[in-house]
1. So what are the ³J(HN,Hα) numbers for the stretch 21-35, from phi and the Karplus equation (6.51, -1.76, 1.60; θ = phi - 60°), rounded to whole Hz, Gly and Pro as x?
2. Express in nm, to one decimal, how much length is gained between Arg24 and Glu225 on full extension, taking 0.36 nm for each residue of separation and deducting their alpha carbon distance.
3. If each DSSP helix of 4+ residues adds -39,500 (n - 2.57) and the sum is divided by the residues in the chain, what number results at 222 nm, nearest 500 deg cm²/dmol?
4. What residue among Pro156, Pro201, Pro183 has the largest mean-square fluctuation in a Gaussian network model of the chain, using Cα springs under 10 Å?
5. What does the charge add up to near Asn173, with Lys and Arg as +1, Asp and Glu as -1, over the other residues with Cβ less than 14 Å from its Cβ?
6. Work out from phi, with θ = phi - 60° and the Karplus expression 6.51 cos²θ - 1.76 cosθ + 1.60, the ³J(HN,Hα) of each residue of the stretch 132-145, listed in order in whole Hz, and give x for Gly and Pro.
7. Over the Cα atoms of the chain, how large are the radius of gyration and the largest Cα-Cα distance (Dmax), in Å?
8. Quick check on my link table: of Lys14/Lys91; Lys91/Lys190; Lys187/Lys213; Lys23/Lys91, which ones sit more than 32 Å apart, alpha carbon to alpha carbon?
Amino acid sequence: MRIDIISAAPDLLKSPFNHSIIKRAKEKGLAEIHIHDLRSFGLGNYRQIDDTQFGGGAGMVLMIEPIANCIEQLQAERTYDEIIYMTPDAKTLTQSVSNTLSLKENILILTGHYKGVDQRIRDKYITREISIGDYVLTGGELAAAVLCDSIIRLIPGVIGDETSALTDSFQDNLLSPPVYTRPSDYKGMKVPDILLSGNFPKIEDWRSEQAYKRTQQIRPDLLDE
Ligand code: ADE
């Protein structure tokens, strides 16, 4: 999979993809990430990328030309399966969306800043808009990093033990059950006997029950879906 990201603050994206599982996915050739600095498509001597909004009001808006020129230059080189805009005014990211996106070949992500981008960019180029939660970040870069992380770890071969991604929280609309490791008794705090029993069908039943209970307590909304 190849992911291109357009950003007005590309430095923010330098670090998140150079660690652990995502770094290994890149080294194995399973994921390629290319960051494009919107400023290099800016207009005039000052490389302008934003302007005040029509109709008045506080806050700058990212202009149509630099973004359109950047997108069209990238589109001349390849066809994108999705062009995604990261914004708080969109549906919230779910595991199901990450699953869908992990099967794509080429994804382009546009990150917003300030008041966002000129609406005409959204109308013309964007195939999907994604928010990572009901709160506002200073820009879409960290949101894009979250999205990329959640997608890349699902690409077959990225996580060694395939079942590990398949048993994540949300993969079946349930939160994960509790997990434990050695020691089995820490200052009197004991691991549930069932996990030490070696009875694997019973352990699976216990885990399902715990996942359901936890979901009911913390995220009952997931059970309605
Ligand atoms: N940009 C600013 N806030 C955001 C959010 N919550 N999700 C996605 N992009 C954003």
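Just so it is clear, none of the values below were taken in a lab; they were calculated from the coordinates. Because the structure is a prediction, the values reported are computed rather than measured. Glycine gets a Cβ as well: all are built from the backbone with ideal geometry, and neighbour counts include every protein chain shown.
1. Computed from phi, the couplings for the stretch 21-35 are 5, 5, 4, 5, 4, 5, 5, 7, x, 7, 9, 10, 10, 10, 9 Hz.
2. Working: separation 201, 0.36 × 201 = 72.36 nm, distance 3.44 nm.
Here the answer is 68.9 nm.
3. On the way: 8 runs with 76 residues, N = 225.
So the helix-based figure for the chain works out to -9500 deg cm²/dmol.
4. Maximum among the listed residues: Pro183.
5. Numbers: positive: Arg214, Arg219; negative: Asp168, Asp172, Asp221, Asp224, Glu225.
Local charge sum for Asn173: -3.
6. With coefficients 6.51, -1.76 and 1.60, one gets 9, x, 7, 7, 10, 8, 6, x, x, 4, 5, 5, 5, 5 Hz.
7. 21.5, 71
8. On the way: Lys14/Lys91 27 Å; Lys91/Lys190 41 Å; Lys187/Lys213 26 Å; Lys23/Lys91 28 Å.
Cα-Cα > 32 Å for Lys91/Lys190; rest within.
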